[in-house]
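Some notes on the structure that comes next.
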Amino acid sequence: MNQFEQQIDAFLEYDYGVTARQATVPQLYNAVSKAAVKSLSVSPVSGKKACYFSAEFLVGRLVYSNLLNLGLLDRCRAYLAQNGFDPGVFETIEDDALGNGGLGRLAACFLDSAATHDIPLYGYGIRYRYGLFRQYFEKGFQKETADDWQNMGDPWAIRREEDTVIVVFADQTVRAVPYDMPVIGWGGNTVNILRLWQSEPVSAFDFEQFNLQKYDEAVAERVRAEEITAVLYPNDDTPVGKQLRLKQQYFFCSASLQSLVKESIRRRGDNFSHFAEDFAIQLNDTHPVIAIPELLRIFMEDYRMSFEDAFVLVRDTFAYTNHTIMAEALETWDTSLFLSVVPQVYPYVVMLQNSLNRDLKEKGVPPQEQSELQIISGGKIHMARLAVYATHATNGVAKIHSELLKSTVMPEWYRLYPERFQNKTNGITQRRWLALCNQELSAFITERIGNGWITDLNQLKKLEPYQNDPASLARYRDIKREKKLQLCHHVRIHEYGFELNPDFLFDIQIKRLHEYKRQLLNAFSILDIYFALKDGTLTDFYPTAFLFGAKAAPGYRRAKGIIKFINEIARVVNEDPQVKDRMQVLFVQNYNVSYAEKLIPAADVSEQISTAGTEASGTGNMKLMLNGAVTLGTLDGANIEIVEQSGMENNYIFGATVEELAAIADTYDPKVLYEENSRIRRVVDTLIDGTLDDGKTGLFQELYDSLLEGASWHRADQYYLLHDFESYCEAKLRVNRQYHNREEFSRKCFVNTMNAGKFSSDRTVKEYAAEIWGVPI
Ligand code: 26W
């Protein structure tokens, strides 16, 4: 037996006193993970180190991906099988959930890519006690429960007590304790670190209070300290503006900077003039932007630097990524709240504001143009403005998004500092999103072009000669069917025995629930098809399963209403004997990274239907493309680049463009469409005519009103569902007709896989390294 297997046995014996055959699954999971960790040595950083500051890292289940990258996955599977376990048994171990969606998952893909390509990129974030809530449905309504992700242990992390630092707030002082997780590159050669901070009390227990029999007071400090990292905010659209959220942000930024300053001192003593040559810090959206004034504070207060010197270092060190166009998502903090939480940081925000004013004056910006540029204004601190001002680079996450940043979101900043604005189109790691989640397709590819694609996804282009090879296309279709069967099995277990039909076309929309992503439009189109099948106006329809996965922020009423609406449609459709052999509708519960790994390889059609100009990039669209789904989508976010790569003719683009929507914005009246178009009326009316039931919550009426009446804060149908309805339905039916020709359709899918090379996060991370971080690649 080899070292790895011996190590597993040793951990099982020492930690639990069992043999492999006697072990429980959690025991095995811990022993296998620890054995793998033990084999690692962290790569020392010699040159510049890039640091990714992010409130979220949605890494997913680590055991299989780490073993894959270490080349130990097959050995682990064999070991499990030899000892009488199903090699997939760790799938019962919970997924981590330390992120909401795209932004957190992107951070995880970047870490994987950087480690694979020997780029020293270290992650810094928060070790939430509870991650994103788990979701289940009760009578079709979303319910939430706590995500206790540590309940089977956390064998991949190492607690670094010795690197603990102190973080100070106006009303409390806490200890920040780092937990380091190895980030293992493909091949296992480079190991970087993801450092997640946990908040703990300075003193564990107050014996004086205890002796006075004041038990609550005795533990009060502990409770208040632990509260800071207790739970991830489940909001991925509107900032909550809450004290605790600000504490979380300051907590991990201050701790991470303290740890970097110590590292700098180890390298160079207390000469900080090389700081920006030694460290690059990427700010993942505005959540960590408070790190900017905090580093100024540290340099000026602790190391007596002048503002001018400190500011140059800060600007050269930091760069900022924007992930959203939605104006309401740009974070601001009430000055009064900020002062009540971190008063020591506020003077440094004011210094930045004053410095900005000097620059504006020098550049001769007229006073009337200055208001949109103020960091502190109207009693608020504008974090995105602070970020653009105090960093050397600001980037968007897809071409169109970066253009919109310049033209629409922050044009006054672009005029001031055009040289700072960049684009870095997002990407995904092909290790998790192909090699791991679709081993069948991976083997198919490797048999034809070798395995170079695992670290160089552009090599997929070498598949070109096979796009017209009937035998290859037939095999490619067989693999899709195999992945559908596996998904059917998973669904049967996780959705109360639901029997998904593997012979159907699988049409999949998986992403956070948000009005701009237009799951409601998808729902309307399904109803339209349902009615047309029933009244016989639609014939020759290829049987289709419409699948959804999405979590709604718990306080987002409309999003929850949409989930209930789709679950109601599912109930009606799935029970209707007249259509049930032609359509199925299913909203899966608790969609997360692990569920995505099952759904994505089984998809034929990828629904990417956001209103043009609203989705910054999207990354699920890339995962689905890579796994051979055609995109049914709008010209939005990275969809534009996807069809640029794989051809309009191999995808299904519909709907208004950004320019078209801008042109009709002032005159758009959804009521006219509603009144003139009976198909629209028929589906929209199901919200209020009693066809579907929202349990007297008023949720459906509210959705109806949002489309036809609007509200105090937005116009009717602000996301143009009714405007795009017809062209969407037309495109959806076109996909369906063309799917009948299985051979030709699978060629389109194949061409998508073949052209997905651009969307590797390996490419993205290398661009950041070369064009923002100044890290050699
Ligand atoms: C403070 C509230 C809040 C929280 C999170 C506002 C905004 C966010 C994120 C920026 C939302 C997010 O995840 N954005 C997504 O980022 C992905 C990675 O770049 C993109 O692919 C998605 O299009 C974008 O919606």
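Kindly check whether there is at least one residue in the range 472-490 that is under 28 Å from Ser617 (Cβ atoms), exposed (fewer than 14 other Cβ atoms within 10 Å of the Cβ), in contact (Cβ under 8 Å) with a residue 60 or more places away in the chain and away from the ligand (no atom under 16 Å from the Cβ).
There is no residue in the range 472-490 that is under 28 Å from Ser617 (Cβ atoms), exposed (fewer than 14 other Cβ atoms within 10 Å of the Cβ), in contact (Cβ under 8 Å) with a residue 60 or more places away in the chain and away from the ligand (no atom under 16 Å from the Cβ).
Does Arg315 fit the bill of being more than 16 Å from the ligand (Cβ to nearest atom), in contact with a His (Cβ under 7 Å, 6 or more places away or on another chain) and either part of a loop (DSSP other than H, G, I, E, B) or modelled with pLDDT of 95 or more (or both)? Spell out the reasoning first.
Numbers: more than 16 Å from the ligand (Cβ to nearest atom): yes; in contact with a His (Cβ under 7 Å, 6 or more places away or on another chain): yes; either part of a loop (DSSP other than H, G, I, E, B) or modelled with pLDDT of 95 or more (or both): yes.
Answer is yes for this residue.
Among the listed residues Asp724, Asp717, identify the single one that is at positive phi and acidic (Asp, Glu).
Working: Asp724 fails: at positive phi.
Being at positive phi and acidic (Asp, Glu) holds for just one of Asp724, Asp717, which is Asp717.
From the set of residues in the range 327-345 that are within 16 Å of the ligand (Cβ to nearest atom) and part of a loop (DSSP other than H, G, I, E, B), which is nearest to Ser407 (Cα to Cα)?
Leu330
State whether the residues of the range 398-418 include one that is touching a Lys or Arg at 6+ places or on another chain (Cβ under 6 Å) and closer than 30 Å to Thr455 by Cα. It would help to see each step written out before you state the result.
Step one: list which residues in the range 398-418 are touching a Lys or Arg at 6+ places or on another chain (Cβ under 6 Å), which gives 414.
Subset that is closer than 30 Å to Thr455 by Cα: none.
No, every residue in the range 398-418 fails to be touching a Lys or Arg at 6+ places or on another chain (Cβ under 6 Å) and closer than 30 Å to Thr455 by Cα.
Kindly indicate whether any position in the range 416-426 is of a type in the set (A, V, I, L, M) and in contact (Cβ under 8 Å) with a residue 60 or more places away in the chain. Please lay out each step first, then the result.
To start, the set of residues in the range 416-426 that are of a type in the set (A, V, I, L, M) comprises 416.
Add one more test, that the residue is in contact (Cβ under 8 Å) with a residue 60 or more places away in the chain, and what stays is none.
No, the conditions are met nowhere in the range 416-426.
When you scan the range 183-275 for helices (runs of 4 or more DSSP H) that lie fully inside it, which ones turn up with 1 or more residues that are farther than 29 Å from Phe110 by Cβ and within 16 Å of the ligand (Cβ to nearest atom)?
Details: elements: 207-211, 215-228, 243-268.
Answer list for the range 183-275: 243-268.
Out of the residues in the range 585-622 meeting the condition of being outside any helix (DSSP H, G or I) and of a type in the set (Asp, Glu), tell me which one is nearest to the ligand (Cβ to nearest atom).
Step one: filter the range 585-622 for residues outside any helix (DSSP H, G or I), giving 585-592, 603-619.
So of that shortlist, the ones also of a type in the set (Asp, Glu) come out as 604, 607, 615.
On the way: Asp604: 22, Glu607: 14, Glu615: 5 Å.
Among those residues, the one meeting the criterion is Glu615.
Mind telling me which of the residues Phe546, Phe541 ends up being of a type in the set (A, V, I, L, M, F, W, C), surrounded by fewer than 20 Cβ atoms within 10 Å (Cβ to Cβ) and out of contact with any His (no Cβ under 8 Å at 6 or more places or on another chain)?
Numbers: Phe546 fails: surrounded by fewer than 20 Cβ atoms within 10 Å (Cβ to Cβ).
None of the other options fit; the residue is Phe541.
Consider the range 623-672. How many of its residues are farther than 28 Å from Leu463 by Cβ, of a type in the set (Asp, Glu) and either in contact with a His (Cβ under 7 Å, 6 or more places away or on another chain) or not in a loop (DSSP other than H, G, I, E, B) (or both)?
Going through the range 623-672 one residue at a time, the tally reaches 2.
For Asn639, work out the one condition from (1) more than 18 Å from Gly102 (Cα to Cα); (2) without any contact (Cβ under 8 Å) to a residue 40 or more places away in the chain it doesn't fulfil.
Condition (1) is where Asn639 drops out.
Here is a yes/no grid of residues against (1) touching a strand residue (DSSP E or B) at 6+ places or on another chain (Cβ under 9 Å); (2) surrounded by fewer than 18 Cβ atoms within 10 Å (Cβ to Cβ):
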site: Ser273; (1), (2): no, yes
site: Gln282; (1), (2): yes, no
site: Ala291; (1), (2): yes, no
site: Ile298; (1), (2): no, no
site: Phe311; (1), (2): no, no
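Restricting to the range 168-184, name every residue that is more than 24 Å from Ala97 (Cβ to Cβ) and either buried (at least 18 other Cβ atoms within 10 Å of the Cβ) or of a type in the set (A, V, I, L, M, F, W, C) (or both).
Val168, Phe169, Ala170, Arg175
Search the range 66-100 for residues being surrounded by 20 or more Cβ atoms within 10 Å (Cβ to Cβ) and assigned to a loop (DSSP other than H, G, I, E, B), and hand back the single one that is nearest to the ligand (Cβ to nearest atom).
Asn100
Could you please let me know if Phe745 is of a type outside the set (Gly, Ala, Ser) and buried (at least 23 other Cβ atoms within 10 Å of the Cβ)? Full working, then the answer.
Numbers: of a type outside the set (Gly, Ala, Ser): yes; buried (at least 23 other Cβ atoms within 10 Å of the Cβ): no.
Answer is no for this residue.
Per-residue answers, yes or no, for (1) touching a Lys or Arg at 6+ places or on another chain (Cβ under 8 Å); (2) at pLDDT below 95; (3) not aliphatic (A, V, I, L, M):
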{"position": "Lys564", "(1), (2), (3)": "no, no, yes"}
{"position": "Ala570", "(1), (2), (3)": "no, no, no"}
{"position": "Phe587", "(1), (2), (3)": "no, no, yes"}
{"position": "Asp604", "(1), (2), (3)": "yes, no, yes"}
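What is the residue count in the range 625-650 for residues that are out of contact with any Pro (no Cβ under 6 Å at 6 or more places or on another chain) and more than 13 Å from the ligand (Cβ to nearest atom)?
If we filter the range 625-650 for residues that are out of contact with any Pro (no Cβ under 6 Å at 6 or more places or on another chain), which is where we start, we get 625-626, 628-650.
Filter again for more than 13 Å from the ligand (Cβ to nearest atom), leaving 625-626, 628-632, 635, 643-650.
Here the count works out to 16.
Test of understanding: among Glu328, Glu369, which residue is in contact (Cβ under 8 Å) with a residue 40 or more places away in the chain and farther than 23 Å from Tyr250 by Cβ? Quick ask: steps written out before the conclusion?
Numbers: Glu328 fails: farther than 23 Å from Tyr250 by Cβ.
Every option except Glu369 fails the conditions.
Any residue in the range 735-747 that's in a helix (DSSP H, G or I): show its pairings with residues that are of a type in the set (Val, Ile, Thr) at Cβ separation under 6 Å, as long as the two are six or more apart or on different chains.
Val735/Val605
Taking the range 23-56 as the search range and keeping residues that are of a type in the set (Gly, Ala, Ser), more than 16 Å from the ligand (Cβ to nearest atom) and part of a loop (DSSP other than H, G, I, E, B), which one is surrounded by the most Cβ atoms within 10 Å (Cβ to Cβ)? Can you show your working first?
First pass over the range 23-56, keeping only residues of a type in the set (Gly, Ala, Ser): 23, 31, 33, 35-36, 39, 41, 43, 46-47, 50, 54-55.
This time we only want the ones that are more than 16 Å from the ligand (Cβ to nearest atom), so: 23, 31, 33, 35-36, 39, 41, 43, 46-47, 50.
From the residues that got through so far, the ones that are part of a loop (DSSP other than H, G, I, E, B) too are 23, 39, 41, 43, 46-47.
Working: Ala23: 23, Ser39: 14, Ser41: 8, Ser43: 15, Ser46: 7, Gly47: 10.
Selected residue: Ala23.
Go through Phe506, Phe498 for me and flag whichever is assigned to a loop (DSSP other than H, G, I, E, B), more than 16 Å from the ligand (Cβ to nearest atom), at pLDDT 95 or above and touching a Leu at 6+ places or on another chain (Cβ under 7 Å).
On the way: Phe506 fails: assigned to a loop (DSSP other than H, G, I, E, B).
Unique residue meeting the criteria: Phe498.
Please tell me if Asp456 is touching a residue at least 24 places away in the same chain (Cβ under 8 Å), farther than 22 Å from Glu328 by Cβ, of a type in the set (Asp, Glu) and out of contact with any Leu (no Cβ under 9 Å at 6 or more places or on another chain). Talk me through it step by step, then tell me what you get.
Numbers: touching a residue at least 24 places away in the same chain (Cβ under 8 Å): yes; farther than 22 Å from Glu328 by Cβ: yes; of a type in the set (Asp, Glu): yes; out of contact with any Leu (no Cβ under 9 Å at 6 or more places or on another chain): yes.
When the stated conditions are applied, Asp456 passes them.
The values are calculated or read from the model by the stated rules, or taken from the named source; none is laboratory data. Here the structure is a predicted model, which is why all the values come from computation and not from measurement. So basically every Cβ, Gly included, is an ideal-geometry build from the backbone, and we count neighbours across all protein chains shown.
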